[in-house]
Amino acid sequence: MITLAGICREFMVGDERVAALRDVDLTIATGEYIAVMGPSGSGKSTLLNIIGLLDRPDAGTYLLDGEDITGLGDRQQAALRRHKIGFVFQFFHLVPRMTAAENIELPMILAGIDPSERKQRVAATIDAFGIGNRARHRPDQLSGGQRQRVAIARAVIMQPHTLLADEPTGNLDRVSGGEVVEILEDLNSRGLTLITVTHDPDLGKRAGRRIRMVDGRIESDR
Amino acid sequence: MYLRDIISFSLRASLGYPVRTFLMLLAMAIGVGSVVILSTLGEGARRYVIGQFSNLGTNLIIVLPGRSETVGGPPPLLGITPRDLTLDDAMALRRSSSIRHVAPLTVGAAPVSAEGRQRETTILGSTPSLLPLRQLEMAQGRFLPEGDPTRAAPICVLGYEIKAELFGAAPAVGESVRIGDRRFRIIGVLSDKGESVGMDMGDIVIVPVASAQALFNVSSLFRVMIEASDRDAIGRAKEAIAAIIRERHDGEDDVTIVTQDAILATFDRIFVALTLTVAGIAAISLGVAGILIMNVMLIAVSQRRSEVGLLKAIGAPGNRILTLFLVEAAILSLVGAAFGLILATAGTWVLGRVFPDFPLFMPLWSLAAAVGVALSTGLVFGVLPARRAARLDPVQSLSRR
Ligand SMILES: Nc1ncnc2c1ncn2[C@@H]1O[C@H](COP(=O)(O)OP(=O)(O)OP(=O)(O)O)[C@@H](O)[C@H]1O
Ligand SMILES: [Mg+2]
C-alpha cells in the first residue's frame, strides 16, 4: 500500500528551478499493475525514484504500508529498499565482474542472509526464470533479454511486495521485450505490485491502471 | 552482511581491476620494503659499532681531567681551575683491588724521521699496561718494558703504517728514529690486528709516558685508561678512583670518570635515532604509496558509480558502501605490505651476499611498524574515496550507463 500526498520535487539546473513533480497525489493498492506514461521530461522516473526511496521529495508525505517514510534516515530507508521494493532498470545495471547467479545473490549478501539459504534461493530463482544454463555467465556473455531476466530475478529475490520498472523494455527488441513483460506480469499475477514506466502504448494498454503524466502532474489516472 | 562476504566482495572488486590493483600493490610493496631494508641496515650498523666498541677492551673506565658536567647554581666566587691529572695520580690508582690495569696517556704530535724520510705523527706516551688494555698485538719485537713509569727511556714502538712508510719492508726493530729533536730506539712494531675504534693504531708511535711528557714538556696527562678487575667491579672501581683522586686533589672532584657502558649507551642511542631517521625517510615512500592509493581508489569510485548506485538501490546504506571501499583499501595495503616483506627479505639476502662482512639484522619492530604504517596509510587515504562513494546520489549514478 503506497500513499503519496502533495509530493513536490524540484531540481536546480543552473540558477533555474525545474519542477519535476508538482503536487502529486497517488494511492496504490497492493497487487495493482500500473503503467506510468507521458512525454519525456514529464517526471515519470522522478516519481518512480521517490516511490523506490532512491530520492526524497521536497514537500508532501509518503506513506509506505501506513508508515510515514519521509522522516526516516538512510539506514532505515535502505532496509525498506532491501525488503519491500525491487528495482528493474532500462540499462539492467548488473555488476560486470559477477556471474548471473552472483548478481542474483547480491541483495541477499547485503541483507546478511545465511550462505546455505542464499544458495537454495538462487538455485530456485534461476530455475523459475529459465536462466539455468546461463547462471555461470558474466553479463557481457548474455543477451539483453537474458540480462534483464537476471536483473528481474535479482529484484525479486528478497520477495518485495512492490516492483518498480523504469522502461524495462526500452533497451530490448520486441521479442525479448515481450518475454520480459510476460515475466513481470506473471509476477504481478502472483500478488506483486507492479509499476512500470513505458513509452509503448501497447504495453500501457495491458496494465490495469494507466497514469499519464504531463509536466510533473498526473493528467489522467484510469 | 557477514564479515566473510564483506571481505570476499572487496577482494573480488579489487581483482576486477588488475592493473590498478597491481600498481597499488607495487607502491605499497616498495614502501614497506624500503622501510624494512633501511632499518635492517641501520640496526646492522648499530650492532657492528657496538661490537667494535666491545672489542675496545672490556670493563674499561676512562678518567679525564676536569669536570664535564655543568651544574646549575651560582658560579663559584673563587675561580677554581681544575687541577692537572698527573702521573702520580695515575699510579696511585693501582692501589685499588678493583682495578687490574692502569694506563696513563699523554698525546701529542711530532715529526718522526728515519732514513731521510719524515712524517708528522701522533705520539702516545703510556705504560706496558696499554698492551693488554687496548688488546694490542705485536708484529715484531716487544712492547714497552715494565719499570718505573716516571723514568723516561729513549725507546719506542711503531704502528704498522708508520713503520711501513719509514722503513718499507725492511726490518725496523733495533733501528732508531728521531722524534722531535730526540733519538729513540725501536723495540717493536704493532700488528695491524687488534685495531680498535677510537684511535688509529697504525699511524702512531708509542713511547714511555715520562718520555712523552719530556718531549712535549707537560706534566699533566691527557687521560688515564683503566681496566676494572671484572664487570661487577666497575662500580667499585669508579668509587675508588673518585675517592683516590679526591684525596689527592684536596677534596675536589675535578675529574670526569667515564665507563665503557656509558659510551656504549650513548652510541646505542645515536644509532637507534639514526635507524629511526632512515626508516622515517623510507616511510615517506609509504606516504607516496598512500597518495597513489587515494588516486587509484578515486578512479575506482568513478568507474564504479553505477555499481555503487545499484548497491544502494538494492538496499545498501551509505555506511555499508563506506565499509566495502575501506576494506578494499585495507586488503590492498595488507597484501602490498606482505609483498613488501618478501621484497625486503629478498633484498636483505642479496645484500648479505654482496657484503658478507656487514652484519645485517632485520629488527622485528620494523616489520610490525611497516605493516602497521602501510595499513593505516591505506585506510587514511582510502577514507576520502570511500566517503565519496558512500555519498553518491543513487539516482544520478544509475542514470548514466
Ligand atoms: N538530477 C537532476 N537534475 C536536474 N534536473 C533533473 C534531474 N533529474 C530530473 N531532472 C529534470 O526533471 C524533469 C523530470 O525528469 P524525469 O527524468 O523524471 O523525466 P521522465 O519523465 O522520466 O523523462 P524520460 O521519459 O525522458 O525518461 C526533467 O525536466 C529533468 O530534466
Ligand atoms: Mg525517465
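It is to be established whether one or more residues within the stretch A:5-19 are within 16 Å of ligand 2 (Cβ to nearest atom), in contact (Cβ under 8 Å) with a residue 12 or more places away in the chain and either over 15 Å from B:G315 (Cα atoms) or among the β-branched types (V, I, T) (or both).
Within the stretch A:5-19 (the criterion being within 16 Å of ligand 2 (Cβ to nearest atom), in contact (Cβ under 8 Å) with a residue 12 or more places away in the chain and either over 15 Å from B:G315 (Cα atoms) or among the β-branched types (V, I, T) (or both)), the answer is yes, since at least one residue qualifies.
Go through (1) more than 30 Å from B:I50 (Cβ to Cβ); (2) crowded, with 16+ Cβ neighbours inside 10 Å; (3) not assigned by TED's automatic domain parsing to the domain that holds B:Q135 and name the single condition B:C156 misses.
It is condition (3) that B:C156 fails.
Within the stretch A:30-57, track down each residue that is within 14 Å of chain B (Cβ to nearest Cβ), open to solvent by 10 Å² or more (accessible area, probe 1.4 Å) and away from ligand 2 (no atom under 16 Å from the Cβ).
A:R56, A:P57
Exactly one of these conditions fails for A:D166: (1) within 16 Å of ligand 2 (Cβ to nearest atom); (2) open to solvent by 50 Å² or more (accessible area, probe 1.4 Å); (3) touching a Lys or Arg at 6+ places or on another chain (Cβ under 8 Å). Give me its number.
(2)
Take the residues of the stretch A:70-84 that are surrounded by 16 or more Cβ atoms within 10 Å (Cβ to Cβ) and touching a helix residue (DSSP H, G or I) at 6+ places or on another chain (Cβ under 9 Å): which is nearest to A:I50 (Cα to Cα)?
Filtering first and then ranking leaves A:R81.
Can you confirm whether the stretch B:365-388 contains a residue that is over 29 Å from the mean Cα position of the chain (by Cα), in a helix (DSSP H, G or I), within 14 Å of chain A (Cβ to nearest Cβ) and within 16 Å of ligand 1 (Cβ to nearest atom)?
No.
May I ask you to verify whether A:A123 is within 14 Å of another protein chain (Cβ to nearest Cβ), farther than 23 Å from A:R56 by Cα, assigned to a helix (DSSP H, G or I) and aliphatic (A, V, I, L, M)?
So A:A123 fails the test.
Within the stretch B:290-308, can you find the residues that are in a helix (DSSP H, G or I), open to solvent by less than 10 Å² (accessible area, probe 1.4 Å) and within 14 Å of chain A (Cβ to nearest Cβ)?
The answer is B:A300, B:V308.
Would you confirm, using the coordinates I've provided, whether B:P363 is in the same structural domain as B:T275 (by TED's automatic domain parsing) and buried (at least 22 other Cβ atoms within 10 Å of the Cβ)?
It is false that B:P363 is in the same structural domain as B:T275 (by TED's automatic domain parsing) and buried (at least 22 other Cβ atoms within 10 Å of the Cβ).
Only residues that are within 16 Å of ligand 1 (Cβ to nearest atom) and either in contact with a helix residue (DSSP H, G or I) (Cβ under 6 Å, 6 or more places away or on another chain) or open to solvent by less than 40 Å² (accessible area, probe 1.4 Å) (or both): list them for the stretch B:389-401, please.
Filtering the stretch B:389-401 down to residues within 16 Å of ligand 1 (Cβ to nearest atom) leaves B:391-401.
Of everything in the stretch B:389-401, those that are within 16 Å of ligand 1 (Cβ to nearest atom) and either in contact with a helix residue (DSSP H, G or I) (Cβ under 6 Å, 6 or more places away or on another chain) or open to solvent by less than 40 Å² (accessible area, probe 1.4 Å) (or both) turn out to be B:L392, B:P394, B:V395, B:S397, B:L398.
Being at negative phi and touching a Gly at 6+ places or on another chain (Cβ under 8 Å) is the filter; apply it to the stretch A:58-69 and report the residue that is surrounded by the most Cβ atoms within 10 Å (Cβ to Cβ). Break it down stepwise before answering.
Taking the stretch A:58-69 first, the residues at negative phi are A:58-59, A:61-64, A:67-69.
Then drop every residue that is not touching a Gly at 6+ places or on another chain (Cβ under 8 Å), which leaves A:59, A:61.
Values: A:A59: 12, A:T61: 14.
Among them, the one singled out is A:T61.
I'd like the residue in the stretch B:309-321 that is touching a Leu at 6+ places or on another chain (Cβ under 8 Å) and within 22 Å of A:T162 (Cα to Cα) and, out of all such residues, is nearest to the other protein chains (Cβ to nearest Cβ). It would help to see each step written out before you state the result.
Just the residues of the stretch B:309-321 that are touching a Leu at 6+ places or on another chain (Cβ under 8 Å), to begin with: B:309-316, B:320-321.
Cutting the leftovers down to within 22 Å of A:T162 (Cα to Cα) gives us B:309-316.
Working: B:G309: 7, B:L310: 5, B:L311: 7, B:K312: 7, B:A313: 5, B:I314: 4, B:G315: 3, B:A316: 5 Å.
The qualifying residue nearest to the other protein chains (Cβ to nearest Cβ) is B:G315.
Within the stretch A:162-175, identify whether any single residue is free of Cβ contacts under 8 Å to residues at least 12 places away in the same chain and either farther than 23 Å from A:G52 by Cα or in contact with a Gly (Cβ under 6 Å, 6 or more places away or on another chain) (or both), and answer yes or no.
Yes: one or more hits.
Does A:R154 satisfy the criteria of being open to solvent by 30 Å² or more (accessible area, probe 1.4 Å) and at pLDDT 90 or above?
So A:R154 fails the test.
Out of the stretch A:1-16, which residues are part of a strand (DSSP E or B) and open to solvent by less than 70 Å² (accessible area, probe 1.4 Å)?
Within the stretch A:1-16, the first condition is being part of a strand (DSSP E or B), and the residues that meet it are A:2-13, A:16.
Across the stretch A:1-16, the qualifying residues are A:I2, A:T3, A:L4, A:A5, A:G6, A:I7, A:C8, A:R9.
Consider A:I109 against the criteria (1) in contact with a helix residue (DSSP H, G or I) (Cβ under 9 Å, 6 or more places away or on another chain); (2) of a type outside the set (D, E, K, R); (3) closer than 25 Å to A:E10 by Cα: it satisfies all of them except one. Which criterion is unmet?
(3) is the only condition that A:I109 fails.
Among (1) within 16 Å of ligand 2 (Cβ to nearest atom); (2) away from chain B (no Cβ under 14 Å), there is one condition A:E67 misses while meeting the rest; what is its number?
Only one criterion is unmet by A:E67, namely (1).
So which residues in the stretch A:196-220 are surrounded by fewer than 21 Cβ atoms within 10 Å (Cβ to Cβ) and within 16 Å of ligand 1 (Cβ to nearest atom)?
If the condition is that a residue be surrounded by fewer than 21 Cβ atoms within 10 Å (Cβ to Cβ) and within 16 Å of ligand 1 (Cβ to nearest atom), then A:H199, A:D200, A:P201, A:L203, A:G204, A:R210, A:R212, A:V214, A:D215, A:R217, A:E219, A:S220 are the ones that fit.
Considering only residues that are more than 18 Å from B:L15 (Cα to Cα), facing chain B (nearest Cβ under 8 Å) and aliphatic (A, V, I, L, M), which ones fall in the stretch A:82-109?
Hit for the stretch A:82-109 is A:I109, nothing else.
Scan the stretch A:183-195 for residues that are open to solvent by 10 Å² or more (accessible area, probe 1.4 Å) and either within 16 Å of ligand 1 (Cβ to nearest atom) or free of Cβ contacts under 8 Å to residues at least 40 places away in the same chain (or both) and report the count. Write out each step before concluding.
To start, the set of residues in the stretch A:183-195 that are open to solvent by 10 Å² or more (accessible area, probe 1.4 Å) comprises A:183, A:185-192.
Next, only the ones that are either within 16 Å of ligand 1 (Cβ to nearest atom) or free of Cβ contacts under 8 Å to residues at least 40 places away in the same chain (or both) stay: A:186-187, A:189-190.
Total satisfying the criteria: 4.
Anything in the stretch A:172-222 that is in a loop (DSSP other than H, G, I, E, B), of a type outside the set (S, T, N, Q) and within 16 Å of the chain's Cα centre (by Cα)? List them, or say none.
Passing the criteria: A:G191, A:L192, A:H199, A:A207.
If A:T70 satisfies all but one of (1) within 16 Å of ligand 1 (Cβ to nearest atom); (2) more than 12 Å from the chain's Cα centre (by Cα), what's the number of the condition it fails?
(1)
The values are calculated or read from the model by the stated rules, or taken from the named source; none is laboratory data. Predicted model only: the values in this text are computed from it and were never measured. Cβ sites come from the backbone with ideal geometry, for glycine too, and all protein chains shown count toward neighbours. Accessible surface is based on the protein model in full, side chains and every heavy atom, while ligands, DNA and RNA are left aside. Shrake-Rupley method; radii C 1.70, N 1.55, O 1.52, S 1.80 Å.
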